[in-house]
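The values are calculated or read from the model by the stated rules, or taken from the named source; none is laboratory data. Everything numeric here is computed off the predicted structure, so don't read it as measured data. Here the Cβ positions follow ideal geometry from the backbone for every residue, glycine too, while neighbour counts run over all protein chains shown. Note: accessible area is taken over every heavy atom of the protein model, side chains too, but ligands, DNA and RNA are not part of it. Shrake-Rupley method; radii C 1.70, N 1.55, O 1.52, S 1.80 Å.
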Amino acid sequence: MARKKTITREQILAAAYEVVATEGFSRFTARNIASKMKCSTQPIYLEFKNMDDLKTELFEQIYSYLSNEVFPVEHTGHKIIDLAYNYIHFANSEKRLYRSLYLDEYGGGEAMQEFSYNYFTDAVKQDAAYANLSKEQIESLHNGTWIVATGIAALMSSGIIHPTDVQIEKLIQDSIDAILVQEEPIKVDY
């Protein structure tokens, strides 16, 4: 008689998410995930080819969460400001997950940068205020606001600065204005 499968793919993903959100990607191991579920590592390898497979699916879940629940929340009606604002608030409300995804060396790194860049450019293209920008200007706008938003997010989540929402909005707006009048685009090599 075959044993009934008790640990589901969703439970494994939930445990993997919890490990990353509370301990970071350096602790993203089969043993740590299994420990969260109080079981052996066997169910993980029955559901996923390997840890990279699990990590890929976890990232898909995280991208979906950020795309549908975090980044699109409207505050000002200004796409770039709202996106930067949501990114900053995500960094503060989910500090460990934010660091794991965007700042840790074991984290999302390039994949998160690419996801965020694609999300940003799609959002900007939907905003009538930026309809006439070139690809270079959109890239420059992304790089500049990304650097400013990441600086604010990192300093706030570390408790170093405590700007109000109005101050955050002004910092982002000032950055956008400064970037759009520059002759030389802001280029960043990731």
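What a 1.4 Å probe finds exposed on the chain is 51% carbon and sulfur by accessible area, rounded to a whole percent. The equivalent ellipsoid that matches the C-alpha gyration tensor of region 93-190 spans semi-axes of 24, 18, 12 angstrom, in descending order. If the segment from Asn132 to Glu94 were pulled out straight at 0.36 nm per residue, it would be longer than the present Cα-Cα gap by 10.2 nm.
Share of pairwise Cα-Cα distances greater than 22 Å in region 42-121 is 29 percent (whole percent).
With the whole protein complex present, Met156 retains an accessible surface near 30 Å², based on a 1.4 Å probe. For region 1-146, build the charge dipole from Cβ charges (+1 Lys, Arg; -1 Asp, Glu) around the Cα centre, then report which of Ala129, Tyr87, Phe59 sits farthest towards its positive end. So the residue we want is Phe59. For the chain, the fraction of C-alpha pairs farther apart than 25 angstrom is 42 percent. Ignoring lysines fewer than eight residues from Lys95 along the same chain, the ones with Cα atoms less than 28 angstrom from its Cα are Lys36, Lys38, Lys55, Lys79, Lys170, Lys187. Normalising the average separation of contacting C-alpha pairs (under 8 angstrom, six or more residues apart) by the number of residues puts the relative contact order of region 36-190 at 22 percent. Per residue, the chain exposes 57 Å² of solvent-accessible protein surface, assessed with a 1.4 angstrom probe and all protein chains in place. Which angle between 0 and 90 degrees, to the nearest 10, do you get for helix 9-23 versus the longest principal axis of the chain when only C-alpha atoms count? The two axes meet at around 60 degrees.
Rounded to the nearest 500, the helix-only mean residue ellipticity at 222 nm of the chain stands at -20000 deg cm²/dmol, with each DSSP H run of n ≥ 4 adding -39,500 (n - 2.57).
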